[in-house]
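Report on the structure given below.
The values are calculated or read from the model by the stated rules, or taken from the named source; none is laboratory data. Owing to the predicted nature of the structure, the values given are computational and were not obtained by experimental measurement. Positions of Cβ are generated from backbone atoms using ideal geometry, with glycine treated the same way; all protein chains shown enter the neighbour counts. Keep in mind that these areas ignore ligands, DNA and RNA; they rest on the heavy atoms of the full protein, side chains included. Shrake-Rupley method; radii C 1.70, N 1.55, O 1.52, S 1.80 Å.
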Amino acid sequence: MRELRIHGRGGQGSVTAAELIAVAAFKSGVYSQAFPAFGVERRGAPVQAFVRFSDSKIRLRSQVYEPDYIIVQDSTLIKDVNVFAGLKEGSIAIINTEKGGDAFDVPPGVRVVTLDATRIALEVLGIPITNTSLMGAFAAATGEIEFPALEEALGERFSGPLAEKNIEAARRAFAAVGGGA
Amino acid sequence: MMEIMEGSHAVAEAVKRCRPGVVSAYPITPQTHIVERLADFVADGEMESDYLTVDSEFSALSACVGASAAGSRVYSSTSSQGLILMAEVCFNASGMRLPIVMSIANRALGAPLSIWNDQQDSIAMRDSGWFQLYAEDVQELVDYHFLSYRVAEDHNILLPGFVCFDGFILSHTYEPVDIPDQETVDAYLPAFDPYQKLDANDPISMGMYATPDYYMEFRYELDRAMERAAGAIEDAGRAFGEHFGREYGSLAEAYRMDDADTALVAMGSICGTVKDAVDEMRDAGRKVGLLKLRSFRPFPKAEVARALDGVAAVAVLDKNISPGMAMKGAVGLEVRDALWKTGIDVYSYVIGLGGRDVRRKDIAAVADLAESGRGDMFYGLREELI
């Protein structure tokens, strides 16, 4: 079983990201489970959401403490929240930032993937909502979800031009992180 | 066919397929997504129900009582303070033998205010005369709705029932689930056939005044019906297997209990985490198993005694607290009663109240405590706050 922890601020769509990644994973052929950290959801407050991926049915219900992957939607969180807690050898940290991976002090053996998801979101969506871009980056960096499955999940959640724009944001991020779409 | 969806939306899909004539509910976290979705179904013409919007949970269940008495299949859902506000109506519904089914998204009770999960709300309604099933995962949660209507409306039972599930932990989780098609549900759950109903052309009174010469026998009959419900749930669970391919033929499910020395007993979503913890402990050579209770009312006393026969220690995980009771947890007390005079040590551990997370290592620690003879206590307190 592999586990993902998403860090964001209330209003950035972290829970939606967890849900859509789980939907895309299920469509990619594995069992998945997504749930929020059940916080008091105030705009701007630190929030977490979780996803599990497994080849067999998932029974575990506790929160994620030793993630294989993290997504950090807002790098200003790093000074307030220990987003790197529990990361281990081989874990992948996907961070929305203008900086390079060297700027982050992660545990040994952790691969840092950075991208300027805010810029992609502003260019494509016109608003700084980075969750769909980061889903594309997650697909490329981890291989846990197939891009067409993510595209389908986004198409089901959003409609019309909004769906197209979010898929485009995910595609740009996917390509930026080296996914071959 | 397996699909992936949020637990609350899966409940709404299940309820739609039960074809209730009347839905009445008042929104409360974490139940809200269920009734929002049902309201959408009715507004969009996908569901032929009257959706009654009311001013409170008290009114919601009161409307259900009236509609059920008039001969309609009815549905409601609530959580926490909402259920407690319904308390008076709950006792009336069971006393009038109305087969209402209500989903309880289990949530802690205030004060202090908590929107998070434990099972205090439905446990507090232990003696209300409603049967209570507890779901481990979203699939059981969906399936128990079909099963509950079948049991509730059985003319030999005629009791209302709760389908209990952990708020947020199941209500807000996306996971794969099989939502049966309408034809399969219809074959398992025929249209409601009321035993009696209010009819202007043939007037009767329901829920009347009973003098001391009559009252006790009504309560006796209610208790007898709840005792019979155990067999009815088993029968409905076996028939469920024939229709849907998933069987629930027992009120308690044993997991790796063969040759177990230490048994954990639990209800609801925590059972999944316990199963993973049991696997880890078994891998480490410890003889530990789980007895999952599907039903708290009726309490499967004989089944619990049989399943736990031969173990040395029993650790009951209680997501509730009965302040001032020596054993602490309400489920623990029932298990100790089931094992009375057997000499088996039964302990209760109050755990996971108000949404405190429970991990596999916590389950192992509880098993350690039971094996060392320490129990009837809170587990996982922050000592610095006490």
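Here are some notes:
- Charged neighbours of B:Pro27, selected by a Cβ distance under 10 Å, balance to -2 (K, R count +1; D, E count -1).
- Rounded accessible area of A:Asp74 (nearest 10 Å², 1.4 Å probe): 30 Å²
- For the protein assembly as shown, convex hull of alpha carbons as volume per residue, Å³: 167 Å³
- The range A:40-77 residues near the modelled B:Arg246 label - backbone nitrogen below 17 Å, point 7 Å along Cα→Cβ: A:56-61
- FRET efficiency for A:Ser159 and B:Ala43, using Cβ-Cβ distance with R0 set to 22 Å, rounded to 0.05: 0.75
- Amide H contacts for B:Val265 (H built 1.01 Å from N in the peptide plane; partners 5 or more residues away or on another chain; cut-off under 5 Å): B:Leu291, B:Ala315, B:Val316, B:Leu317.
- Relative contact order computed over the range B:22-123 (Cα-Cα under 8 Å; 6+ residues apart), in percent: 29 percent
- Principal axis dimensions, largest first and in whole angstrom, of the range A:2-176 by Cα: 41, 38, 32
- All other residues whose Cβ lies under 12 angstrom from that of A:Glu19 are scored, Lys and Arg at +1 and Asp and Glu at -1, for a net of -2.
- Gain on full stretching of the segment that runs from B:Lys361 to B:Gln182 - 0.36 nm per residue minus C-alpha separation: 60.2 nm
- With DNA, RNA and ligands ignored, accessible area of B:Lys16 (1.4 Å probe; Å², nearest 10): 40 Å²
- Rounded to 10°, Cα long-axis angle of helix B:32-43 versus longest principal axis of chain B: 30 degrees
- Listed residues B:Trp340, B:Trp130 arranged by accessible area, highest first, probe 1.4 Å: B:Trp340, B:Trp130
- Surface composition of chain B: carbon plus sulfur atoms hold 50% of the accessible area, using a 1.4 angstrom probe and ignoring ligands, DNA and RNA.
- Scattering curve values for the range B:104-143, log₁₀ I(q)/I(0), Debye with Cα scatterers, q = 0.21, 0.24, 0.26 Å⁻¹: -0.74, -0.88, -0.95
- In terms of its Cα atoms, the range A:104-181 spans 44, 24, 19 Å along the principal axes, sorted from long to short.
- Across the range B:55-63, computed HN-Hα scalar couplings (Karplus, 6.51 cos²θ - 1.76 cosθ + 1.60, θ = phi - 60°) run 9, 5, 5, 4, 5, 4, 6, 4, 4 Hz from first to last residue, x flagging Gly and Pro.
- Here B:Ala210 and B:Thr53 are evaluated by their C-beta separation; at R0 = 30 Å the FRET efficiency comes out at 0.35.
- Label-point separation in nm, A:Asn82 to B:Asp309, each point 7 Å along Cα→Cβ: 5.0 nm
- Overall Cα dimensions of the range B:57-115 - principal axes, largest extent first, Å: 40, 17, 16
- Rg of the Cα atoms in the range B:248-307, relative to 2.2 N^0.38 Å, amounts to 1.09.
- Scalar couplings 3J(HN,Hα) for the range B:328-344, obtained by applying the Karplus form with A = 6.51, B = -1.76, C = 1.60 to θ = phi - 60°, are 5, x, 5, 6, x, 4, 5, 5, 5, 4, 5, 9, 4, 6, 8, x, 7 Hz; x denotes Gly and Pro.
- Cα centroid separation, the range B:230-245 to the range B:310-367 (Å): 29 Å
- CD proxy at 222 nm, helix term only [per DSSP H run n ≥ 4: -39500 (n - 2.57); per residue of chain A; nearest 500]: -10500 deg cm²/dmol
- Taking each DSSP H run with n ≥ 4 as -39500 (n - 2.57) and averaging over every residue of chain B yields -12000 deg cm²/dmol at 222 nm.
- Amide H partners (placed H, <5 Å) of B:Ile100, local residues excluded: B:Gly161
- B:Ser56 sits with roughly 20 Å² accessible to a 1.4 Å probe, with DNA, RNA and ligands left out of the calculation.
- Semi-axis lengths (Å, descending) of the ellipsoid that matches the C-alpha gyration tensor of the range B:252-385: 20, 18, 14
- Solvent-accessible surface ranking, highest first, for B:Tyr51, A:Tyr31 at 1.4 angstrom: A:Tyr31, B:Tyr51
- Chain A - accessible surface per residue (Å², probe 1.4 Å): 41 Å²
- Once the Cα-Cα distance is subtracted from the 0.36 nm per residue extended length, the B:Phe378 to B:Asp258 segment shows a gain of 40.4 nm.
- Calculated from backbone phi, Karplus (6.51, -1.76, 1.60) coupling profile of the range B:265-279 in Hz, x at Gly/Pro: 10, 7, 9, x, 5, 4, 4, x, 4, 5, 4, 5, 5, 4, 4
- Distance cut-off 34 Å, percentage of C-alpha pairs in chain B lying past it: 26 percent
- Within the range B:250-274: backbone nitrogen closer than 20 Å to the B:Glu371 label point (7 Å, Cα to C-beta): B:255-266, B:273-274
- Where only alpha carbons of the range B:116-232 are counted, the Rg and the Dmax (Å): 17.4, 54
- Of the listed residues A:Lys27, B:Lys275, the order by accessible area with a 1.4 Å probe, largest first, is A:Lys27, B:Lys275.
- Under 5 Å between amide hydrogens, built in the peptide plane, is the criterion, and for B:Ser77 it picks out B:Tyr26, B:Ser103 among residues at least 5 positions away or on other chains.
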